[in-house]
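The values are calculated or read from the model by the stated rules, or taken from the named source; none is laboratory data. In this text the structure is predicted, and so the values were computed from the model without any measurement. Here Cβ is always computed from backbone atoms with ideal geometry, including for glycine, and neighbour counts include all displayed protein chains.
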Amino acid sequence: MEDERIWKFERELWVGGDALYHERVSSNCLMALPSDPYLFAGGDAAEAVEHTPRWDGVEFRDKQVSRPQEGLIVIAYRAEAHGDGGTYHAVCTTTLRRLSHEEWDVVQHQQTPLGVIVADPADA
């Protein structure tokens, strides 16, 4: 997958809806998100993303792409998303896996919000 398509794929996940998450997030996906329970696996990962805010748009900065092996792409970036919920800044990573010639899914995603304090689960 060429870089332009990678960033389009990722942008669509930020602004897309529930059906898109279930289509593109692997049932084997692992996610680390800044909300309880913080770590999500399998179908819970796609479902967790369903409950995050819908963004009207997102800008990616400091974009990096790694292709460690055939059929595997790892991206890292800073995101600035905006919508009804305000503005959200985070550093993120996503790992994409090729399923077939033009079909990819997400097997890992992580977000670390910037400028906010995330609750420590040990304090709960």
(request) Run ALA81 past the list (1) farther than 14 Å from ARG11 by Cα; (2) in contact (Cβ under 8 Å) with a residue 24 or more places away in the chain; (3) assigned to a strand (DSSP E or B) and report the number of the one that doesn't hold. (result) (1)
(message) Here is a check on your reading of the model: is ILE6 surrounded by 15 or more Cβ atoms within 10 Å (Cβ to Cβ), among the β-branched types (Val, Ile, Thr) and part of a strand (DSSP E or B)?
(response) no
(request) Answer with yes or no whether VAL65 is under 16 Å from MET1 (Cβ atoms), in contact with a strand residue (DSSP E or B) (Cβ under 7 Å, 6 or more places away or on another chain) and either among the small types (Gly, Ala, Ser) or surrounded by fewer than 17 Cβ atoms within 10 Å (Cβ to Cβ) (or both). (result) yes
(message) Based on this model, can you work out whether THR52 counts as assigned to a loop (DSSP other than H, G, I, E, B), within 14 Å of the chain's Cα centre (by Cα), among the polar types (S, T, N, Q) and under 29 Å from ILE117 (Cα atoms)?
(response) yes
(request) Scan the range 101-124 residue by residue and report those that are of a type outside the set (A, V, I, L, M) and either at pLDDT 85 or above or on the phi > 0 side of the Ramachandran plot (or both). (result) HIS101, GLU102, GLU103, TRP104, ASP105, GLN108, HIS109, GLN110, GLN111, THR112, PRO113, GLY115
(request) Could you tell me which residue of the range 76-100 is farthest from the chain's Cα centre (by Cα), considering only residues that are modelled with pLDDT of 95 or more and of a type in the set (Ser, Thr, Tyr)? (result) TYR77
(message) I want to confirm something. Restricting to the range 9-19 and keeping residues that are farther than 14 Å from VAL74 by Cα and under 12 Å from the mean Cα position of the chain (by Cα), which single residue is surrounded by the most Cβ atoms within 10 Å (Cβ to Cβ)?
(response) TRP14
(request) Look at GLY57 and say whether it is surrounded by 14 or more Cβ atoms within 10 Å (Cβ to Cβ) and either out of contact with any Lys or Arg (no Cβ under 7 Å at 6 or more places or on another chain) or among the basic types (Lys, Arg) (or both). (result) no
(request) Could you run through the range 93-117 and say how many residues are crowded, with 18+ Cβ neighbours inside 10 Å and either touching a His at 6+ places or on another chain (Cβ under 8 Å) or not in a strand (DSSP E or B) (or both)? (result) 2
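Yes/no per residue for (1) modelled with pLDDT of 95 or more; (2) basic (Lys, Arg); (3) over 24 Å from VAL116 (Cβ atoms):
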| residue | (1), (2), (3) |
| --- | --- |
| GLU4 | yes, no, yes |
| TYR21 | no, no, no |
| ALA32 | no, no, no |
| SER35 | no, no, no |
| LEU39 | no, no, no |
| ARG61 | yes, yes, no |
| VAL74 | yes, no, yes |
